[in-house]
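Take a look at the structure below.
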Amino acid sequence: MMKHLVLQTDFGLSDGAVSAMYGVANSVNPSIRIFDLTHDISPYNIWEASYRLYQTVPYWPEKTVFVSVVDPGVGTDRWSVAVKTNENQYIVTPNNGTLTHVKAHIGLKEARIIDEKINRLPCSGESHTFHGRDVYAYTAARLASDVISYEEVGPKVNVDHIVCLTKETARNNHGIIEGCIDILDVRFGNLWTNIDRSLFKEAGFRYGDTLQVTIAHHDKDVYKNKMLFARSFAKTHLGEPLMYVNSLDKLAVALNQGSFAKAYHIGTGTSWKITIQKVD
C-alpha cells in the first residue's frame, strides 16, 4: 500500500531544490503522494526543524514517511538515519538533533543508518552537498513505495545513539511557573513556551486569572506586564496581551491581532526565560 511522503526543509521555494526532491521521488514511483510540511525553516535551524516535526508528525497516519533536511553538517561524517516512531511513522533525516522533540515527546522504536551503497540516487556518488535529493528523498520514496522494507534501509542502531539537542524543563516553583520560549507561531508572532497546561493546573491557575508575566533574555528583563489567562482571543480586546493554551497543550503568549514577538523584540531558545505568577 502506498504511504504518504511529507517533506520539510530550510531550502525555501525560490530555486529548484525542493522541485528536484519531488522529481527524485516521482522517478522512484510516479504515483507517489507528496506533501509539504514546510520549506521555510530558518536556515540551519535544527531546533526549529525538530519542533515542527513534533508539531506535525502525530497527526499523520501510521507508516507516513517524513523527510526533514536541515543539514549544516552535510558532507561530514554525521549519520543519515531513518527512524520508526512509537506511533509507527518513519522519519528520514540527518542524525544532528532534528529528532530531539520527537524522541522526547513521541518516542522512537527503532533507528537505522541509511546504507548509501544501496539507498542513494544512481550516479550521484560524487555529490556531497545535496543529500536531501540524493539520499533522503530517494530513500524515503523507496520506503514509501515499498520498493524497500524498513529493514532494507540499512543497519540497525540503538536509539540511544540518536543525537538530541539540550531541552529545558519547565517547573512550578511554589506557585511561580518558570520556563522558556521554545518557538514562535511565526506568521502571527505568538510565543510558544515549553510549559505544559498540566503545570498551570498543578499551580491552581484558571481561565480568567490575571497573570504577571516576565520575559528575560540572558537574565535581563525585556518584558514585564499583567495579562489575562484566556480560553480564546475573543476574551480580550484588540491589541491586548493574553496567555492561552496552544494546539500542543502548551502555554503561549500573544497580542490579540498583533505580533507579540515583533512588538517586544522577543526571540526563542533556552536563553529566553519566562516567569509567570498569579496576581491576587
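The values are calculated or read from the model by the stated rules, or taken from the named source; none is laboratory data. This is a predicted model, so every value here is computed, not measured. Virtual Cβ from ideal backbone geometry, glycine too; neighbours counted across all protein chains shown. Heads up: the accessible areas ignore ligands, DNA and RNA and are worked out on the full protein's heavy atoms, side chains in. Shrake-Rupley method; radii C 1.70, N 1.55, O 1.52, S 1.80 Å.
Restricting to segment 80-110, and then to whatever is of a type in the set (Gly, Ala, Ser) and buried (at least 23 other Cβ atoms within 10 Å of the Cβ), can you tell me which residue is farthest from Pro58 (Cα to Cα)? Here the answer is Ser80.
Scanning segment 135-147 for residues that are more than 12 Å from Gly75 (Cα to Cα) and open to solvent by less than 10 Å² (accessible area, probe 1.4 Å) gives Tyr136, Ala137, Thr139, Ala140, Ala141, Leu143, Ala144. Answer with yes or no whether Ile41 is over 9 Å from the mean Cα position of the chain (by Cα), among the aliphatic types (A, V, I, L, M), closer than 17 Å to Asp182 by Cβ and open to solvent by less than 50 Å² (accessible area, probe 1.4 Å). Spelling it out, Ile41 is indeed over 9 Å from the mean Cα position of the chain (by Cα), among the aliphatic types (A, V, I, L, M), closer than 17 Å to Asp182 by Cβ and open to solvent by less than 50 Å² (accessible area, probe 1.4 Å). Do we have Gln55 as open to solvent by 30 Å² or more (accessible area, probe 1.4 Å) and on the phi < 0 side of the Ramachandran plot here? Yes: the conditions hold for Gln55.
When the residues of segment 111-128 are narrowed to those that are in a loop (DSSP other than H, G, I, E, B) and basic (Lys, Arg), which ends up surrounded by the most Cβ atoms within 10 Å (Cβ to Cβ)? Step by step, filter segment 111-128, then rank; the result is Arg120. For segment 174-203, the set of residues classified as within 14 Å of Ile276 (Cα to Cα), under 21 Å from the mean Cα position of the chain (by Cα) and charged (D, E, K, R) consists of Asp196, Arg197, listed by residue number.
Contact annotation: residue pairs with Cβ atoms under 8 Å, 6 or more positions apart or on different chains, pairing a residue in segment 204-224 that is more than 22 Å from Thr236 (Cβ to Cβ) with a partner that is surrounded by 11 or more Cβ atoms within 10 Å (Cβ to Cβ) and small (Gly, Ala, Ser), are His217/Gly267; His217/Ser271; His218/Ser271.
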